[in-house]
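Data first, discussion second: the structure below is written as structure tokens.
Each value in this text was obtained by applying a stated rule to the coordinates, not by laboratory testing. Predicted model, so just to flag it, every value in this text is computed and none were measured. Cβ: placed from backbone, ideal geometry, glycine included. Neighbour counts: every protein chain shown.
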Amino acid sequence: MTTSAHRSLADIQRQIHALGTAVPFVVHHRLSRLAAAGAQPSAVDQEEFTAMGMEKIAALQESLQAMMLASLDASQKLATAYAHWSTIPWSVAPTQAAWTLMTDTPLAVLSAGLSPVSERASDNARRLGHTPVGAP
């Protein structure tokens, strides 16, 4: 595995750890708040519930955009490696670059997609009064 693959894997592990420590607290807090609010939530509760829904949509959009951009970047790098190889087909360097890119890309795309979600979950845990272990 290359250095960038190790870095991506370490990023993914950090993000999953942050999610694993922040999400249970945030879900517990919000479900408790929903249950306590009952059928007549206060204006503050309504505002929090609306923000909760909107932030999920925003995090999904950010995640999809980050994954798309990471994929686009990898496609451009692969096209460049192919163009380089087609000019000097006896060279091994473009083939190695393409192979490295194809093995590192899935980790880079996954890391890019997890980043907005793990950041939101950690931010919510901090805002709601609990700092998860390993949060950035």
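Here are the numbers:
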{"read-out": "Residues being part of a loop (DSSP other than H, G, I, E, B) and touching a residue at least 60 places away in the same chain (Cβ under 8 Å) - total across the stretch 87-123", "value": "0"}
{"read-out": "Check on Pro41, free of Cβ contacts under 8 Å to residues at least 60 places away in the same chain, outside any helix (DSSP H, G or I) and surrounded by 14 or more Cβ atoms within 10 Å (Cβ to Cβ)", "value": "yes"}
{"read-out": "Filter result for Val23 (of a type in the set (Val, Ile, Thr) and surrounded by fewer than 15 Cβ atoms within 10 Å (Cβ to Cβ))", "value": "no"}
{"read-out": "Among the residues listed as Leu9, Leu34, Leu72, the single one being in a helix (DSSP H, G or I), within 23 Å of the chain's Cα centre (by Cα) and closer than 30 Å to Arg126 by Cβ", "value": "Leu9"}
{"read-out": "Condition broken by Met54, with the remaining ones in (1) closer than 22 Å to Val117 by Cβ; (2) surrounded by 16 or more Cβ atoms within 10 Å (Cβ to Cβ); (3) without any contact (Cβ under 8 Å) to a residue 60 or more places away in the chain satisfied", "value": "(2)"}
{"read-out": "All positions within the stretch 65-83 that are surrounded by 13 or more Cβ atoms within 10 Å (Cβ to Cβ) and not β-branched (Val, Ile, Thr)", "value": "Gln65, Ala66, Met67, Met68, Ala70, Ser71, Asp73, Ala74, Lys77, Leu78, Ala81, Tyr82"}
